[in-house]
Amino acid sequence: MNIGIDLGGSHIGVALIENGKILTKREEDIEKNTKDIKKLIIEKICKYISQILSEKEITLEDIGTLGISSPGVAKDGNIYNIVNLGIDEFKITEMLNKKINYKNIKIMNDAKCAAIAEFNYGCMKNFEDGIFLTLGTGIGGAAFIKNTLIQSKNYPGTEFGHMVICKNGKECKCGNRGCFEKYCSMKALKEEVKEQYKLKEDVTSKEIIDLIKNDIKNEKMSKIIDNYIEYLAIGIVNLVNIFEPEVIGIGGSAVYIKEILIKRLKREIITNNILFNKRDDINIQIATLGNDAGMIGAASL
Ligand SMILES: [Zn+2]
C-alpha cells in the first residue's frame, strides 16, 4: 500500500492506494490567503495521513511510498515555483520528515503524475509506448517508451508546453515566444472564445465550456475550434515524429470537450498528411481517471 498526495492549485487530496485503486481518501480546498500556507499544507497532510492510517488500522510501516504530485518544479525533495499558491520554494520533504518521521517521500510534477496514472491504470494501460498531454492552464506532459517514463538526470524534461510551434509568436511566461501552450492550453482556447464572443470578465470556465459545446455548429465557434486544432495538430505531429507512440493520451480540462476535439484532431493529423511516417489512423485516447489521477500517479512513484 502507498499514499498518494495531490497538491493542487486550490485543493489538497490524500489517498491510500493499492495497485492503482483508491482504498480511502480525504480531500479539501486550501484557503489561499492563509498567512503561512506551507505550514497549513503540512498540517493538513499530516492530519489526513493519521486519519487514513487509523481508519484502516495500519501504521506508516505498512506504507511503501509516500508520493506527492505538485504543480511547479520538483527537485531534490523540494518544490519550486508553485505559482497558484504563491510559493517560491517549499522544502516539503524536510518539513514532513520533521512531523511524521517517514523517509521514503517522492515528489513529481502533477502532469507527470497524471501521465503515470493514466499509463499504468487509465487510458494508456494496454500500451508500451505512449505520450500524455495535459491540456489545462498550461500544457504538461510525459513520454513512455517500452513501459518506462523518460526522465533525465538534471531536470524532469518533456516540457511539451514550451516547444516552439510559431516563430516570433505569442510571448510565454518562460521567456520564449510561440510556445505550444500559448496556443493549445485550454486556457488559451477559453481566452480566445472569451475575446471573440466578448464575454464578461467574470465568466466561469464551465460557462465557456458549455458555450463551446452549444455553439459548435455556429460558424464563429467552429472557426475558433478549427484554428485551435490546427495548432494542436502541429504540436502533436512534432511529438509523434519524435517519439512514435502507440497511443496519445489527453487529459486536463480538455476532457470536457472530447466529443468536439478528437474527431477533428484525428482528421487534421491524418488527412493533411503531415506525419513523417504515414498511416491511416492515429490512436488518441481521453484520460479516464479524472481528478484522482494525481494521487494515483503519486502513489506509484
Ligand atoms: Zn514557454
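Odds and ends about this structure:
- Checklist (1) open to solvent by 10 Å² or more (accessible area, probe 1.4 Å); (2) closer than 23 Å to residue 240 by Cα applied to residue 135, failing item: (1)
- Lone unmet requirement of (1) of a type outside the set (Lys, Arg); (2) over 29 Å from residue 183 (Cα atoms); (3) under 20 Å from the mean Cα position of the chain (by Cα); (4) open to solvent by 20 Å² or more (accessible area, probe 1.4 Å) for residue 74: (2)
- Extreme residue, nearest to residue 71 (Cα to Cα), among residues of the range 165-176 that are surrounded by fewer than 16 Cβ atoms within 10 Å (Cβ to Cβ) and more than 8 Å from the ligand (Cβ to nearest atom): 171
- Those residues of the range 200-258 which are assigned to a loop (DSSP other than H, G, I, E, B) and touching a residue at least 40 places away in the same chain (Cβ under 8 Å), in sequence order: 216, 244, 245, 246
- Residues in the range 108-140 that are acidic (Asp, Glu) and not in a loop (DSSP other than H, G, I, E, B): 110, 118.
- Some residue of the range 141-158 being open to solvent by 30 Å² or more (accessible area, probe 1.4 Å) and part of a helix (DSSP H, G or I): no
- Residue within the range 71-82 that is within 16 Å of the ligand (Cβ to nearest atom), part of a loop (DSSP other than H, G, I, E, B), touching a helix residue (DSSP H, G or I) at 6+ places or on another chain (Cβ under 8 Å) and not assigned by TED's automatic domain parsing to the domain that holds residue 180 present: yes
- Any hit, the range 184-191, residues being open to solvent by 70 Å² or more (accessible area, probe 1.4 Å), within 15 Å of the ligand (Cβ to nearest atom) and farther than 18 Å from residue 116 by Cα: yes
- Scope the range 268-301; condition open to solvent by less than 40 Å² (accessible area, probe 1.4 Å), farther than 22 Å from residue 257 by Cα and assigned by TED's automatic domain parsing to the domain that holds residue 240; matching residues: 275
- Subset of the range 22-64 (residues that are over 23 Å from residue 293 (Cα atoms) and over 27 Å from the mean Cα position of the chain (by Cα)): 35, 54, 57, 58, 59, 61
The values are calculated or read from the model by the stated rules, or taken from the named source; none is laboratory data. The shown structure was predicted, so the numbers you read here are calculated from the model rather than taken from an experiment. Heads up, the Cβs are rebuilt from the backbone with ideal geometry, glycines too, and the neighbour counts pull from every protein chain shown. SASA here: full protein model, heavy atoms, side chains in, ligands and nucleic acids out. Shrake-Rupley method; radii C 1.70, N 1.55, O 1.52, S 1.80 Å.
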